[in-house]
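The values are calculated or read from the model by the stated rules, or taken from the named source; none is laboratory data. No experiment lies behind these values; they were computed from the predicted model shown. Here the Cβ is made from the backbone with ideal geometry for all residues, glycine too, and neighbour counts use every protein chain on show. Only protein heavy atoms, including side chains, enter the accessible area calculation; ligands, DNA and RNA are left aside. Shrake-Rupley method; radii C 1.70, N 1.55, O 1.52, S 1.80 Å.
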Amino acid sequence: MELNRFWAKTEPFQSVLTHAFVSGSVAQYLLRDLLSEGDRRQLRANLGLSADSLSGFVGYLVSLHDIGKLEYSFQCQDAFYRDMIAGNSNLQGLFIAGVRHEKTSQSCMSALWKQQGENRASSALLSKIIGAHHQGKTGNGNFKRSSGWFELQSELEGTMRRHFLGAEGVMLPEIERLHQGPAAVLLLGLMILADWISSGSMFSDAEAWIGCPNQDIHIEEATKEFLNRSGLNPQKIIWPPAFSDVWPNIPYDGQRPLQRTVETVLHEMELPAQLVLIEAPMGEGKTEAGVYAALHMAMQWGKDGLYVALPTAATSNQMVGRIRALLDLHGLSDSVRLLHSMAWLEKAEEYRPNSPDEHDEIASWLAPVKRGLLGQYAVGTVDQAMLAATNVKYGVLRLLGLSNKALIIDEIHSYDAYMSEIIVRLLEWCKALEIPVVMLSATLPPMLKEKLLKPYASHRFSEAYPLITAIDQDGRVIEREIGQTSHRLNVQVQLTPLLGDADQIAELAVNEVADGGCICVLMNTVREVQAVYSSIKKRYHGDLLLFHAQFPAGQRAELETECISRYGKDKSHRPKQSILVATQVVEQSLDVDFDFMITAIAPIDLLLQRMGRVFRHDDSPRPASHVHAGMTVLVPKEGSGFGSSAYVYPECLLNSAIRLLKDRTHIQIPEDMAQLVREGYDPSFAPEEEARQWLENQIKEQAEAGASQQYLLNPPDKLYSALNEEFLYEDDENSYRLSAKTRLGEPTVRIALLTEEEMAQLYPFIQTKNGRQVANVWDRKTAELVMKRSVSVRIRRLDGNLSGLSDIQGAMLLSGLKILPLKDGVYRTEKGRIIRFDTALGLLIEEGVS
């Protein structure tokens with residue numbers, strides 16, 4: 001029988017022969033148009049192939065990913081084909097329910113290459129790649145094939161070999177073990193993406209293309225249409241070498257010393273830098289210097305784009321505007337994706353492929369949030385990059401997306417032991433895939449610095465500050481101290497024993513603005529800021545704003561915008577008298593400026609971060625009562641504990657911060673920062689009575705680091721562990737059970753509280769499945785309505801688990817969401833807890849009254 005009589009795809013229909021031609025050709029176009037020159041160069045080096053040979057080999061390998069569909073059990077899943085082969089004795093076999101065709105493909109290609117005498121190590125790796133192109137599927141292939149099926153498989157392999165390689169025999173490339181991990185990532189990523197694209201509706205007429213003179217033209221045009229429609233077609237640009245040409249709004253004489261030093265270091269290096277670490281205080285232009293360094297390094301390594309990774313969605317929301325403004329200056333408008341769990345609320349089209357095997361997963365990966373990592377420029381949470389270093393389904397596409405970019409990790413000091421362990425593994429893979437990395441920090445403890453730089457160099461790193469550290473491709477280290485800073489600050493510091501006393505804190509805040517000024521009261525938990533805000537409101541009738549993460553998403557976005565409008569760079573809306581009560585959402589990366597700060601005790605590096613929001617802008621008008629930068633640090637009353645702050649930060653670090661500050665009246669920035677951070681994290685400076693706290697914290701950090709190991713990929717020199725699919729986790733930040741976790745903490749779930757009027761708009765999408773109500777929402781307007789009323793909450797606060805919720809389960813655009821209908825403005829759990837949104841305070845969960 002002819003190969004085009006056997007099915008591979010049903011909607012749209014493609015025969016095994018057609019899908020092989022199409023997927024192999026699509027892979028060649030992705031290699032040429034989607035991958036960067038740096039990726040292609042590395043792949044050529046890893047495989048030992050020329051440019052033309054690489055394209056042919058990629059087409060050949062990918063074209064054979066579904067060869068396992070030429071098998072009895074798979075074809076007999078369709079009644080028409082079962083009847084067609086019933087009369088052919090050479091094609092009979094034992095029907096195996098649930099047979100996995102990709103595993104059959106792996107076995108088949110291993111046998112065919114072995115028969116042709118190919119290199120055993122290479123054939124084992126390449127057949128494993130073929131067997132992994134449907135991530136995380138369970139089941140086995142059919143390894144016992146009749147001679148008739150083996151002849152068909154051999155015919156397909158030969159047809160693809162002659163078409164893509166132009167050869168009667170195949171010679172697989174010999175891949176050194178050191179290169180097997182990076183090669184597997186790039187080849188598997190191309191294979192998966194090519195399979196998905198070629199299975200989509202743009203290839204609905206592909207069956208008619210095969211064998212016609214314009215076959216290749218049709219496939220190329222369809223691939224280009226997909227790349228254009230999905231925003232994955234890179235815009236080529238040569239970034240200029242000078243800092244002021246990258247940032248034309250910052251002329252040479254307007255550059256800060258840090259920015260000039262970064263430019264000088266990069267130009268003086270004989271070999272391209274693989275990693276640059278910028279340690280400098282707040283307000284020195286680290287972001288502009290980091291972006292310049294990343295784009296410069298991207299050009300050196302042949303990369304096309306940039307990913308800026310930040311600690312939170314709020315900081316990502318602010319940063320994306322800055323990167324978009326930069327790219328607009330260079331004619332790259334509308335080219336930046338925002339990537340975090342709520343980013344899909346931005347305008348973006350949906351691409352919905354049509355695949356019988358994986359419709360939901362393809363639609364998810366090609367939706368804007370995940371697809372953005374495959375695009376050229378993106379800004380988002382660090383979690384999106386961290387997942388690339390974990391054993392998640394289709395995490396290889398995250399690595400593929402990062403491989404054509406430079407990576408910036410901002411606030412690198414702000415991640416705990418668990419997250420740092422994942423970031424170190426990510427850095428190992430970045431080095432292996434030649435992804436240039438820039439890390440930014442104002443307060444990086446020496447031990448964490450050494451751990452982060454270890455994948456690149458074994459070196460005794462300088463503790464000077466401010467400092468630029470650059471490591472080239474051969475592991476040579478260049479360290480350059482920044483002799484001067486443009487922003488020096490002398491902050492008056494006072495410890496005040498009011499921690500936990502909301503009324504006294506409120507009195508203190510009101511007194512601080514009695515004669516004008518904009519101040520920030522920063523507490524460590526949402527409940528604390530709600531209590532302090534409520535107390536201030538009773539005694540102060542001036543400008544007052546509350547900002548924390550437990551507002552519904554729509555209102556939180558508005559509050560974030562309002563916060564930046566009042567306290568940001570544009571002074572036209574700055575109040576003469578104002579109090580902001582906030583959690584740590586204003587601590588990192590938000591460019592806001594206050595005349596004074598009252599803050600709950602925190603580790604010393606975070607207190608320094610908070611100081612960076614005081615007198616941040618030189619052009620802010622200051623009232624006579626606040627002519628000097630000042631901060632009051634709230635500490636426990638004598639004999640009292642740290643209260644809820646002890647659940648947020650280790651007590652040993654809180655005690656360390658108090659010890660470092662108790663005899664100080666001022667802190668000089670940047671002069672005092674390095675010493676304070678070093679001593680704040682060094683247990684040798686702690687008194688003997690705190691030794692037990694430090695030991696407990698050390699054990700906790702070791703446990704956190706160990707907890708991440710179950711999710712991590714192998715190091716690059718130990719192959720690509722995601723080829724062993726039984727270890728794959730879900731790549732779904734909305735799931736709280738089987739997902740790989742990028743942050744260690746109590747399980748959370750996103751809930752939406754909907755009024756009766758809002759529920760009325762949702763009812764047309766609600767169906768009953770397996771006794772549960774499910775809201776299948778693809779409509780963007782409805783999804784936005786629901787998501788803007790949502791918030792992430794610890795499961796513990798919802799009766800301790802989710803079984804007590806009579807909720808509606810979200811699906812499609814609302815995947816992972818639990819929808820709680822309100823009655824009389826509240827939702828009651830089975831245990832009587834009352835859940836509601838308060839317009840002024842945000843989410844409230846209260847014990848009910850019986």
Looking at the range 151-160, can you tell me whether even one residue there is in contact (Cβ under 8 Å) with a residue 12 or more places away in the chain, under 39 Å from the mean Cα position of the chain (by Cα) and open to solvent by 40 Å² or more (accessible area, probe 1.4 Å)? no
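Which ones in the range 293-317 are assigned to a helix (DSSP H, G or I) and surrounded by fewer than 21 Cβ atoms within 10 Å (Cβ to Cβ)? Talk me through it step by step, then tell me what you get.
At the first step, the residues of the range 293-317 found to be assigned to a helix (DSSP H, G or I) are 293-301, 313-317.
Correct list: MET299, GLN300.
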Examine the range 596-607 for a residue that is of a type outside the set (Gly, Ala, Ser) and within 23 Å of ASN317 (Cα to Cα), and state whether such a residue exists. yes
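Can you go through GLN668, GLN609 and tell me which one is open to solvent by 40 Å² or more (accessible area, probe 1.4 Å) and among the polar types (S, T, N, Q)?
GLN668
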Inside the range 640-663, can you point out the residues that are of a type in the set (Gly, Ala, Ser), open to solvent by 10 Å² or more (accessible area, probe 1.4 Å) and farther than 18 Å from GLU689 by Cβ? GLY643, SER644
Please name all residue pairs, on different chains or six or more residues apart, with Cβ atoms under 7 Å, provided the first residue is in the range 678-704 and is part of a helix (DSSP H, G or I) and the second residue is of a type in the set (D, E, K, R). ARG678/GLU463; GLY680/ASP605; PHE685/GLU679; GLN693/GLU651; GLU704/ASP416
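I want to confirm something. Restricting to the range 686-709 and keeping residues that are acidic (Asp, Glu) and surrounded by 11 or more Cβ atoms within 10 Å (Cβ to Cβ), which single residue is nearest to SER656 (Cα to Cα)?
Only one residue fits best here, namely GLU690.
Residues checked against (1) open to solvent by 10 Å² or more (accessible area, probe 1.4 Å); (2) closer than 22 Å to ALA51 by Cα:
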position	(1), (2)
LYS128	yes, no
TRP149	no, no
VAL170	yes, yes
VAL185	no, yes
Could you please give the count of residues in the range 1-43 that are more than 30 Å from GLN376 (Cα to Cα) and open to solvent by less than 20 Å² (accessible area, probe 1.4 Å)? 8
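Each row is one residue, and each column tells you yes or no for (1) touching a residue at least 60 places away in the same chain (Cβ under 8 Å); (2) surrounded by 20 or more Cβ atoms within 10 Å (Cβ to Cβ).
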{"position": "MET419", "(1), (2)": "yes, yes"}
{"position": "ILE422", "(1), (2)": "yes, yes"}
{"position": "LEU433", "(1), (2)": "yes, yes"}
{"position": "LEU440", "(1), (2)": "yes, yes"}
{"position": "LEU444", "(1), (2)": "yes, yes"}
{"position": "MET447", "(1), (2)": "yes, no"}
{"position": "HIS459", "(1), (2)": "no, no"}
Working only within the range 126-152, note down all residues that are more than 13 Å from HIS65 (Cβ to Cβ), of a type outside the set (Phe, Trp, Tyr) and in a helix (DSSP H, G or I). SER147, GLY148, GLU151, LEU152
Residue that is most open to solvent (accessible area, probe 1.4 Å) [pool: residues in the range 542-597 that are within 24 Å of ILE845 (Cβ to Cβ) and assigned to a loop (DSSP other than H, G, I, E, B)]: ALA549
Based on this model, can you work out whether GLU428 counts as at pLDDT 95 or above, more than 14 Å from LEU186 (Cα to Cα) and surrounded by fewer than 24 Cβ atoms within 10 Å (Cβ to Cβ)? yes
GLU207 vs. criteria within 30 Å of THR159 (Cα to Cα) and either at pLDDT 95 or above or outside any loop (DSSP other than H, G, I, E, B) (or both): yes
Subset of the range 764-777, residues open to solvent by 70 Å² or more (accessible area, probe 1.4 Å) and either over 17 Å from LEU820 (Cβ atoms) or touching a Leu at 6+ places or on another chain (Cβ under 7 Å) (or both), comes to PRO764, GLN767, THR768, LYS769, ASN770, GLY771
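Table: residues versus (1) of a type in the set (D, E, K, R); (2) outside any helix (DSSP H, G or I).
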residue: LYS449; (1), (2): yes, no
residue: SER458; (1), (2): no, yes
residue: ASP474; (1), (2): yes, yes
residue: ARG480; (1), (2): yes, yes
residue: GLY483; (1), (2): no, yes
residue: VAL491; (1), (2): no, yes
residue: ASP503; (1), (2): yes, no
residue: LEU508; (1), (2): no, no
residue: ASN511; (1), (2): no, no
Which of (1) modelled with pLDDT of 90 or more; (2) assigned to a helix (DSSP H, G or I); (3) in contact with a strand residue (DSSP E or B) (Cβ under 6 Å, 6 or more places away or on another chain) does VAL379 not meet, given it meets every other one? (2)
Helices (runs of 4 or more DSSP H) lying entirely in the range 51-101 (those with 2 or more residues that are open to solvent by less than 10 Å² (accessible area, probe 1.4 Å) and under 30 Å from GLY38 (Cα atoms)): 51-63
Meets criteria (modelled with pLDDT under 95 and within 26 Å of SER565 (Cβ to Cβ)) for MET631: no
May I ask you to list the residues in the range 102-125 that are charged (D, E, K, R) and outside any helix (DSSP H, G or I)? GLU118
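Select from the range 248-268 the residues that are touching a residue at least 60 places away in the same chain (Cβ under 8 Å) and open to solvent by less than 20 Å² (accessible area, probe 1.4 Å) and list them in ascending order.
Of all residues in the range 248-268, those touching a residue at least 60 places away in the same chain (Cβ under 8 Å) come to 248-249, 256-258, 261-262, 264-266, 268.
Within the range 248-268, LEU258, VAL262, VAL265, LEU266 qualify.
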